[in-house]
Amino acid sequence: MAKPFLRVLSGERHDPPPIWLMRQAGRYLPEYRQSRKRAGGFLDLCYTPEFAVEVTLQPIKRYGFDAAILFSDILVVPDGLGQDVSFIEGTGPILTPVRDVDQAGMLSMAGFDEVLAPVYEAVRRLSRELGDETALIGFAGAPWTVACYMVEGGTTRDFHAVKSFSYGDPEGFGKLIDLLVEATIRHLSAQAAAGVDALQIFESHAGVLPATEFKTWVIDPIRRVVEGVRANWPEIPIIGFPRGAGPMYLVFAEETGLTAVSLDVSVPLDWAMANLPSGMPVQGNIDPAYLLSGGDGMARSVDRIVEACRDRPHIFNLGHGVDKNTDPETVAQLIGCLRKKS
């Protein structure tokens with residue numbers, strides 16, 4: 001029998017819904033912190049298959065989630081394209097900014113497969129180690145979100161540089177997006193070839209664009225990525241997470257060709273159930289802050305979400321990632337609340 005996570009993605013309802021959490025392998029786990037210390041830098045953790053496998057499996061061994069997500073990062077793609085990428089403890093990612101078409105033209109797919117080979121080796125090892133009930137998820141950042149980091153040179157709150165590039169020179173910016181579409185197809189397809197069961201595309205910065213630009217830089221590139229992956233892997237389920245998309249969730253679900261959508265914390269579930277395509281699986285969307293408070297409030301939120309999604313294929317997840325200050329015991333309580341509803 002198929003894994004519960006995959007059965008839901010195929011259109012079945014499951015009681016209780018399968019569960020995994022975005023950022024389920026991370027700093028809130030003491031075993032992760034120990035692995036990170038032994039690995040050295042963050043990219044060393046991502047690019048050393050032994051460590052990537054170890055930290056991917058840590059939350060599976062501790063909690064028995066229905067799916068494991070490969071431990072990696074969306075910024076391995078610009079790293080593979082030749083952009084300088086580093087991670088500074090306490091600061092986050094730092095990239096040499098790409099601010100115009102000439103700088104974008106310096107990037108290349110030439111060394112991409114070699115740089116990312118350790119990622120695919122980790123997938124192969126994980127696919128052999130996971131049990132018959134646990135699915136393996138591969139992932140990538142969407143072209144727009146990855147471009148935001150590449151142009152801004154790291155995290156940002158205003159997105160002025162990337163908007164200036166994309167609004168002021170849409171043709172030049174489009175060439176960067178075209179390269180990212182090609183690289184994302186290559187990256188996701190390689191993960192599929194190495195043994196993942198499903199894929200997720202993280203569009204973490206979907207909510208910063210007006211509607212017209214959303215169509216140009218979010219919808220169209222993701223549709224092309226999905227079509228490109230499906231050309232060789234027609235059956236693989238692909239989930240999209242357009243954080244902050246608001247009412248644009250509807251066009252995102254209808255026009256990208258994705259299998260399922262992951263809902264952020266701001267999406268009203270009654271609206272989603274009434275408006276998203278009939279039968280489309282959804283994933284989400286408890287507020288990660290409930291894992292900081294726990295208790296009856298968290299239990300009531302679990303009940304509310306399960307009840308709201310009861311007539312649609314549903315994967316239980318957060319509306320964003322696990323906060324680093326989360327008590328690991330509260331995650332266990334969350335799983336207990338969900339599975340007692342069976």
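Here are some notes:
- Cβ-Cβ contacts under 9 Å between residues 6 or more apart (or on different chains), taken from a first residue in the stretch 7-18 that is among the β-branched types (V, I, T) to a second residue that is not in a loop (DSSP other than H, G, I, E, B), are listed as V8/A260; V8/Q283; V8/H314; V8/I315.
- Residues considered: A52, A68, A25. Of these, the only one that is under 18 Å from the mean Cα position of the chain (by Cα), open to solvent by less than 60 Å² (accessible area, probe 1.4 Å), closer than 30 Å to L338 by Cβ and without any contact (Cβ under 8 Å) to a residue 60 or more places away in the chain is A25.
- V76 being aliphatic (A, V, I, L, M) and either in contact (Cβ under 8 Å) with a residue 40 or more places away in the chain or surrounded by fewer than 19 Cβ atoms within 10 Å (Cβ to Cβ) (or both): yes
- Looking only at residues in the stretch 92-142 that are without any contact (Cβ under 8 Å) to a residue 24 or more places away in the chain and open to solvent by less than 50 Å² (accessible area, probe 1.4 Å), the one that is farthest from G154 (Cα to Cα) is G131.
- The numbered conditions (1) open to solvent by less than 40 Å² (accessible area, probe 1.4 Å); (2) more than 20 Å from P59 (Cα to Cα); (3) part of a loop (DSSP other than H, G, I, E, B); (4) touching a helix residue (DSSP H, G or I) at 6+ places or on another chain (Cβ under 8 Å) are all true for W233 except (1).
- Only a single criterion out of (1) surrounded by fewer than 23 Cβ atoms within 10 Å (Cβ to Cβ); (2) under 23 Å from A104 (Cβ atoms); (3) not polar (S, T, N, Q) is not satisfied by I201, namely (1).
- Matching residues in the stretch 197-250 - criterion: being closer than 30 Å to A2 by Cα, aromatic (F, W, Y) and within 18 Å of the chain's Cα centre (by Cα): F202, F241, Y249
- Of the residues making up the stretch 162-188, those that are open to solvent by 20 Å² or more (accessible area, probe 1.4 Å) and in a helix (DSSP H, G or I) are K163, S164, Y167, G168, P170, E171, K175, D178, L179, E182, I185, R186.
The values are calculated or read from the model by the stated rules, or taken from the named source; none is laboratory data. Keep in mind that this is a model prediction, so the values were computed, not measured. Every residue, glycine as well, gets a Cβ built from its backbone with ideal geometry; the counts of neighbours run over all protein chains shown. Just the protein is used for accessible areas: all its heavy atoms, side chains included, with ligands, DNA and RNA removed. Shrake-Rupley method; radii C 1.70, N 1.55, O 1.52, S 1.80 Å.
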